[in-house]
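First up is the structure itself, then whatever we jot down about it.
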Amino acid sequence: MVFKKKEKRVPNGFDSINDFFDYTYKKEDLIWMGQNTNHLQKDKHIEDALITAAKKRDYCKYPPPEGFPELKKLILKDLDLNPNLFDVQITSSATESLYLAISTSLYHVTNTIASDPGYLIINNFCNRFGNHVKEVPIYNEECGYKLTPDLIKENIDMETKLIVLIDPLNPLGTAYTKEEIKEIAEIAKENNIIVLHDITYRDFARDHTLVAKYAPEHTITIYSFSKIFGMAGLRIGAVICSPDLMRPIRASVINDLGTNSLAQEAAIAGLETKDKWVNDIRETCFRNQKIIKEAVDETPGTFLPVYPSDANMMVIDVSGTGLKPVEISEYLLQEKNIFVREGNYTSKLFGERYIRVSYSIPTEEVMEFKKEFKNAILTLQERKKE
């Protein structure tokens, strides 16, 4: 079978996806609520580490292939994981981490359990390397908008090899209780299944538990510096798992001459100073999502399926407005300078019901969204009548 990557929709007014992202990247006054990036990170230590590393000109040398040992130790310390039980591979992004983990966990007759909504890039990778992905519908109150242990049990078959657990979940912001995590760990151990635990948004959550704590031999943890550290453009992440699971991953690394040394120095600085700034970012995000809730409560035909969110993004259901999510996202971008995402980016089944907004941005920008959201809905509804 030849794998074909799903083509992304090109927004109106642009010749290609690349042109669209070049526009959003370079437009400095854009209110950036469309990619879950963190625009609140102001820690000078990260910036200073980049400048110092650049001035030393160490970038003319290849760094260690597994990553700087200091960085590996700091990641395990951040997660409170035993270095005798876990190994770390530094990668050029959490996306590369996902690719490596999935490509070495699946083969052509094995199946995956994932959720819809979810981060569809993961499902694409699983389809590439495995046989079938069971995309379990979770957009409902009955399951709490997440892939519950009961849903996992219902969808396991003899060929299931991988459970995809995005926690907190992109796009809904749902997270798991300690009891749910322990139950999922038991399912993995009893059925000899690997849990792919993507914890990219962990630091935004009110509480969080690692599957690796309860199923160390059956968990691959995906770690990102893009979100809470505000380092999306530096492209650095990590894979954390047992030495046995790490061996095939490390053997599959294409870039075996190491990950960007400047990005690693910035990551070290971020981890060393995290306790000094992380709570300020979290508190701003909690405050910002309250403002978004106020905007939604004021807008007929819309509601928040999940509130509060345990991530830095949330879903606004617009299915009661008579408008398509793409109409809303394009209006906000083209006429109000606000970048949000329509649901089809994260769901095959429910994408026509919602938009996704991220709020790890300055509060005054969230206030601007609040001012414009209801007006956007009313304006578009009026235009449909004309």
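Each value in this text was obtained by applying a stated rule to the coordinates, not by laboratory testing. Keep in mind the model is a prediction, meaning the values are calculated, not measured. Positions of Cβ are generated from backbone atoms using ideal geometry, with glycine treated the same way; all protein chains shown enter the neighbour counts.
By the count of other C-beta atoms within 10 Å, a proxy for reagent exposure, 10, 278, 211 are ordered fewest to most as 10, 278, 211. Proximity of backbone amide H atoms, modeled 1.01 Å from N, is registered between residue 87 and 241, 242 at under 5 Å, excluding neighbours fewer than 5 places apart on the same chain. Comparing mean-square fluctuations of 343, 67, 322 from a GNM of the chain with C-alpha springs under 10 Å, the top value falls on 322.
Please sort by residue number the trypsin sites (Lys or Arg not before Pro) in the stretch 173-280 whose DSSP state is loop and whose Cβ has at most 14 other Cβ atoms within 10 Å. Sites meeting the loop and neighbour criteria: 206. Highest GNM mean-square fluctuation, the chain, Cα pairs closer than 10 Å: which of 127, 279, 288? Fluctuation is largest for 279.
Projecting the Cα atoms of 174, 194, 224 onto the charge dipole of the stretch 134-224, computed from C-beta unit charges around the Cα centre, puts 224 farthest toward the positive end. P(r) tail, the stretch 192-265: Cα-Cα pairs separated by more than 20 Å, 40% of all pairs. Comparing Cα centroids, the stretch 110-171 and the stretch 332-386 end up 27 angstrom apart. By the count of neighbouring beta-carbon atoms within 10 Å, fewest first, 158, 313 end up ordered 158, 313.
Nearest 5 percent is fine: what portion of the DSSP beta bridges confined to the stretch 44-273 is antiparallel? Of those bridges, close to 35 percent are antiparallel.
Per residue, the average separation of C-alpha pairs within less than 8 Å and at least 6 apart gives the stretch 311-386 a relative contact order of 37 percent. Computed over the stretch 8-96, the alpha-carbon pair-distance distribution with 5 angstrom bins reads 2, 9, 11, 15, 17, 14, 14, 10, 5, 1, 0, each value a whole percent. Relative intensity of the chain on a log10 scale, I(q)/I(0) at q = 0.08, 0.09, 0.10 Å⁻¹, equals -0.41, -0.53, -0.66, per a Debye sum over C-alpha point scatterers of equal strength in the absence of solvent.
Across the alpha-carbon atoms of the stretch 44-273, the computed radius of gyration and Dmax are 17.5, 56 angstrom. So if I take the centroid of the Cα atoms in the stretch 52-107 and the same for the stretch 216-255, what is the distance between those two points in Å? Result: 6 Å between the Cα centres.
Taking a 28 Å limit on the Cα-Cα distance, which of the listed pairs 72/227; 189/290; 348/371 fall beyond it?
Numbers: 72/227 18 Å; 189/290 39 Å; 348/371 30 Å.
Over 28 Å Cα-Cα: 189/290; 348/371.
Expressed as a whole percent, how much of the Cα-Cα distance distribution for the stretch 334-380 exceeds 15 Å? Result for the distance tail: 53 percent. Springs join every pair of Cα atoms under 10 Å in this Gaussian network model of the chain, and among 131, 344, 123 the largest mean-square fluctuation is at 131.
Which value, in nm² and rounded to one decimal, describes the direction-averaged projected area of the C-alpha convex hull of the stretch 111-224?
Over every viewing direction, the Cα hull of the stretch 111-224 projects on average to 6.5 nm².
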